[in-house]
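Engineer: Take a look at this one; I'll ask things after.
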Amino acid sequence: GAGVSQSPSNKVTEKGKDVELRCDPISGHTALYWYRQSLGQGLEFLIYFQGNSAPDKSGLPSDRFSAERTGGSVSTLTIQRTQQEDSAVYLCASSLLAGEHYNEQFFGPGTRLTVL
Amino acid sequence: AQSVSQHNHHVILSEAASLELGCNYSYGGTVNLFWYVQYPGQHLQLLLKYFSGDPLVKGIKGFEAEFIKSKFSFNLRKPSVQWSDTAEYFCAVIRSSASKIIFGSGTRLSIRP
């Protein structure tokens, strides 16, 4: 597709349920990032994938959060046993490369998660 | 730990006023610097970036930013704002050898028509 897409655009769930958020990066982009955007908190880095390298999971807030990237393309962020403080907009971004030859990140529209 | 500070949480200006949004970072090594903008209902998009060379960087829509290494700052400026500049602005920093970009908490800019 022309840009980064994310689904669903909105997700309302009950506390304790598991949720899966999907990200389709721009075709050919090797780097993929997940962020969480909370009101007044800016953008919080969650996890980063680069090609076949082990992902950088240093931003995941707890072991309830996990992510995978299948075939170097689509990524799924899973939140288990959701809590109300997980409510936020989850953003995905992709870029051609990363690190020293840093490239611009292209962001998706985000998934707004509401935990009741 | 590396951090990015945007001290202005909400800025309100009239059209044609000049704008300066502050951004300070804590890392002392070589950095790459960015400003992203999020217009209402739209995706985050890159406004401008600094990697090396001229510390005064020109971006889209008349925005510019100046990298002052001695002050660890990368302030965003525009000489005359328009109503369409109403958006949230995020400063971001990445160490040249790192993969993780650090974002500031954002500044909401409201322009009175």
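The values are calculated or read from the model by the stated rules, or taken from the named source; none is laboratory data. Given the structure is predicted, the values throughout are model-derived calculations rather than measurements. All Cβ positions, even for glycine, are placed from backbone atoms using ideal geometry, and neighbour counts span all protein chains on display. For the accessible areas, the whole protein counts, side chains as well, though only heavy atoms, and no ligand, DNA or RNA atoms are used. Shrake-Rupley method; radii C 1.70, N 1.55, O 1.52, S 1.80 Å.
Engineer: Quick check: is even one residue across segment B:66-74 more than 10 Å from every other protein chain (Cβ to nearest Cβ), hydroxyl-bearing (Ser, Thr, Tyr), assigned to a strand (DSSP E or B) and under 30 Å from A:PRO55 (Cα atoms)?
Structural biologist: no
Engineer: Just to verify a result, which residue in segment B:7-21, among those that are within 14 Å of chain A (Cβ to nearest Cβ) and either within 13 Å of B:ALA92 (Cβ to Cβ) or open to solvent by less than 70 Å² (accessible area, probe 1.4 Å) (or both), is modelled with the lowest pLDDT?
Structural biologist: B:ASN8
Engineer: Moving on. Identify the residue in segment B:79-102 that is at pLDDT 95 or above, surrounded by 13 or more Cβ atoms within 10 Å (Cβ to Cβ) and over 11 Å from the mean Cα position of the chain (by Cα) and, among all such residues, is nearest to the other protein chains (Cβ to nearest Cβ).
Structural biologist: B:ALA87
Engineer: Please work out if A:THR114 is touching an Asp or Glu at 6+ places or on another chain (Cβ under 9 Å), open to solvent by 20 Å² or more (accessible area, probe 1.4 Å), outside any loop (DSSP other than H, G, I, E, B) and modelled with pLDDT of 95 or more.
Structural biologist: no
Engineer: Restricting attention to segment B:25-35, does a residue exist that is surrounded by 17 or more Cβ atoms within 10 Å (Cβ to Cβ), under 18 Å from A:PHE45 (Cβ atoms), of a type in the set (Val, Ile, Thr) and within 11 Å of the chain's Cα centre (by Cα)?
Structural biologist: No, segment B:25-35 contains no residue that is surrounded by 17 or more Cβ atoms within 10 Å (Cβ to Cβ), under 18 Å from A:PHE45 (Cβ atoms), of a type in the set (Val, Ile, Thr) and within 11 Å of the chain's Cα centre (by Cα).
Engineer: Only one of (1) assigned to a loop (DSSP other than H, G, I, E, B); (2) modelled with pLDDT of 95 or more fails for B:LEU109. Which number is that?
Structural biologist: (1)
Engineer: Failed condition for A:LEU77, given (1) away from chain B (no Cβ under 12 Å); (2) open to solvent by less than 40 Å² (accessible area, probe 1.4 Å); (3) of a type outside the set (Phe, Trp, Tyr); (4) part of a loop (DSSP other than H, G, I, E, B), with all others met?
Structural biologist: Single failed check for A:LEU77: (4).
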